[in-house]
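Please treat every number below as a calculation from the coordinates, not as lab data. Small disclaimer: the values here were computed from a predicted structure and weren't measured. Positions of Cβ are generated from backbone atoms using ideal geometry, with glycine treated the same way; all protein chains shown enter the neighbour counts.
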């Protein structure tokens, strides 16, 4: 391997290591944002009137913005990890092909040497030309064997590096699945609290408590599952809509359902627009990829 090849290889390995460090750094940052967002979302859900926040703290909108940015950065990092793995696979394939070729060359040259050794033996050392040719072939065989040893060493090194890279990528991918699952949970809590705040906007304490109880009950586990399916499958996030035109039995848009049709607070006033339920349910985290 030339010095230039060694420098390129070293640079690629350093880039790969740096990428893995940054990827795990993004995971930590994403986790921190999720922790704060989740805590605020739960607080809002428990008491929607609690909107005040400490001076200097981030608003819910800003937290969600940071969450989106972290997710985008995470996705980019993992895409780069996939490209790096593919490049390493390609490099390993080339090294393996080189080993195979050299093994064939060594075997062929070894046969040539054996044949010449038989000829020299048969000539009883009387042919200077045969001796010279044998020495040349033996030198070529020695050089080919050195090249083969180096190629095999390079092949083993690349196999080791690819194994490490694949292990790190799997770990990062698992962190992404967990982080994105927590992201969806946090978004649901945020949406749930927003619905409660929006519908239960006015009234005395008793009325507000009753309203919150009914709306929180309506935002049950089935609603949560539908919401998370929409977000996880990268469809539009469900949204709460108010009926503007008063009329009997208004027709809802497709994939929509009343928030709480029997509630005097929501009745036929509010509905939620979900996504197409026939689309495949998303797996939180990155799409499943072929096993490394």
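Give me 98, 222, 114 ranked fewest to most by other Cβ atoms within 10 Å of their Cβ, as a rough exposure proxy.
Values: 98 17, 222 8, 114 11.
Least crowded to most crowded, the residues run 222, 114, 98.
What is the distance, in nm, between label points placed 7 Å from the Cα along the Cα-to-Cβ direction at residue 202 and at residue 224?
3.3
Counting other C-beta atoms within 10 Å, which of 189, 143 has the fewest, and how do the rest follow? If you can, show how the numbers build up before the last one.
Details: 189 21, 143 12.
With the fewest neighbours first, 189, 143 line up as 143, 189.
Determine the shape class of segment 75-230: with a ≥ b ≥ c the square roots of the Cα gyration tensor eigenvalues, call it rounded for a/c under 1.5, and otherwise prolate if a/b is greater than b/c, oblate otherwise.
On the way: a/c = 9.38, a/b = 7.71, b/c = 1.22.
Prolate, because a/c is 1.5 or more and a/b exceeds b/c.
For residue 129 and residue 164, what does the FRET efficiency come to when R0 = 51 Å and r is the distance between their Cβ atoms, rounded to the nearest 0.05?
Working: r = 53 Å, r/R0 = 1.04.
With R0 = 51 Å, the Cβ-Cβ based efficiency is 0.45.
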